[in-house]
Amino acid sequence: MTPKNSFTYPLNPAQQKTLLTILRSGNFLPIEVPHTRVAVEGDRCRINLYKSGKCLVQGKGAEDFVTFTLEPLVLKQASLGYEDVLNPEMSQPHFGVDESGKGDFFGPMVVAAAYVDASLADAMRELDVKDSKRITSDKKAMEIGQKLRKLLGPRHTIVKIGPEAYNRLYAKMRNVNTLLAWAHARAIENMLDAVPSCPRAVSDQFGNERLIRNALLKKGRSIKLEQRHRAESDLAVAAASILAREAFLVALLRMGKEYDIKIPKGASAAVQDVAVEIARKHGPEVLLRTVKCHFKTTDTVLGKVGSDRAALGPEGQAVSATVADRNSFRRKP
């Protein structure tokens, strides 16, 4: 396997103190890097300890530094190269399912599923596959997503629910988690067409754990379904999270080209401003085609353009947030 050249670890205060002692007393050359507590160059690698507690190790010698210094002296654990020993289920055949866009006002909600086995697990680690929320650069997430799609071929699927379809489904289901479970179930069913022998699927746990099981059709009810908190630590779920994020980001870029404006992520005041601009230019009914109308942000935007939900027609009036959903559609931390 090709050695990795980049590693990132969150360190607690005690681990940071240990690393600082090592870097300040060892054979390292101090360098200037913004926002770091310490930054040094070592033997064919560079180590940055950021004020946030994040430790970044990069370079041809990064793997040696992690294996022989960081793990035994700072982390007090040996995991690099032992992933399959420590978590044997990680590389055994299974699907991972995750979503993107659930907490974003603009754009689709995307659910992706990815298949993993021993050979694919090794290839994914070489691509530095990890939970997409730990990939801070949209550009990098899209680059890894493209490589993942090429690697997996038919062994991945993407269920993209655009705003118009999302608003129609929400008007019927009246609950974000029910809609999300429906999309997860469709992704699992699609994966079983590609890999019918796959024995299990892993997803994050949200709402009532029976939601996905109840949404599965006959073909999917024989698969072992594991729902976990923080399921993104699973390699297949991490791969699915990247695929879903890539598809979501591509959808925002396309929407931006269509309306000649940059479409932001999230549901902030800046997002409201863009929605107001689009609604003024194209009419309030454009919200049904661009945003998730059950967000209370919709009422704010409509008010700023001198309108209300009546302008969205019967469907738009039906798509209003339920009390249960006011928290469930917030973005994951």
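The values are calculated or read from the model by the stated rules, or taken from the named source; none is laboratory data. These numbers were taken from a predicted model, which means no experiment stands behind them. Cβ: placed from backbone, ideal geometry, glycine included. Neighbour counts: every protein chain shown.
General remarks:
- Criterion (part of a helix (DSSP H, G or I), at pLDDT below 90, assigned by TED's automatic domain parsing to the domain that holds LYS102 and more than 30 Å from GLN317 (Cβ to Cβ)) met by exactly one of ARG245, ARG221: ARG221
- Total residues in the stretch 3-21, condition crowded, with 16+ Cβ neighbours inside 10 Å and either closer than 9 Å to VAL57 by Cα or of a type outside the set (S, T, N, Q) (or both): 6
- Where a residue in the stretch 206-224 is closer than 14 Å to ASN175 by Cα and its partner, wherever it lies, is at pLDDT below 80 and surrounded by 12 or more Cβ atoms within 10 Å (Cβ to Cβ), with Cβ under 8 Å and at least six apart: PHE206/SER328; GLY207/SER328
- The set of residues in the stretch 224-242 being assigned to a helix (DSSP H, G or I), farther than 15 Å from TYR115 by Cβ and touching a strand residue (DSSP E or B) at 6+ places or on another chain (Cβ under 6 Å) consists of ALA231 alone.
- Search result, residues across the stretch 74-103 that are modelled with pLDDT of 95 or more and loosely packed, with under 13 Cβ neighbours inside 10 Å: none
- Set ALA311, ALA267, ALA279, ALA275: member being assigned to a loop (DSSP other than H, G, I, E, B), aliphatic (A, V, I, L, M) and either modelled with pLDDT under 95 or not assigned by TED's automatic domain parsing to the domain that holds LEU169 (or both): ALA267
- Screening VAL66 with (1) at pLDDT 90 or above; (2) under 14 Å from LEU19 (Cβ atoms) gives one miss only, at (1).
Listed here are the residues, each with its yes/no results for (1) surrounded by 20 or more Cβ atoms within 10 Å (Cβ to Cβ); (2) touching a Phe, Trp or Tyr at 6+ places or on another chain (Cβ under 6 Å); (3) of a type in the set (A, V, I, L, M, F, W, C); (4) assigned to a helix (DSSP H, G or I).
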site	(1), (2), (3), (4)
ALA112	yes, no, yes, no
LEU120	yes, no, yes, yes
LYS130	no, no, no, no
LYS133	no, no, no, yes
GLU143	no, no, no, yes
GLY153	no, no, no, yes
ALA165	no, no, yes, yes
TYR170	yes, no, no, yes
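- Subset of the stretch 297-318 (residues that are buried (at least 18 other Cβ atoms within 10 Å of the Cβ) and farther than 13 Å from GLU285 by Cα): THR297
- Filter result for the condition that a residue is under 20 Å from ILE158 (Cβ atoms), basic (Lys, Arg) and surrounded by fewer than 21 Cβ atoms within 10 Å (Cβ to Cβ), over ARG254, ARG245, ARG230, ARG280: ARG254
- The stretch 186-214 - residue that is in contact with a Ser or Thr (Cβ under 8 Å, 6 or more places away or on another chain) and assigned to a helix (DSSP H, G or I) and, of those, surrounded by the most Cβ atoms within 10 Å (Cβ to Cβ): ALA187
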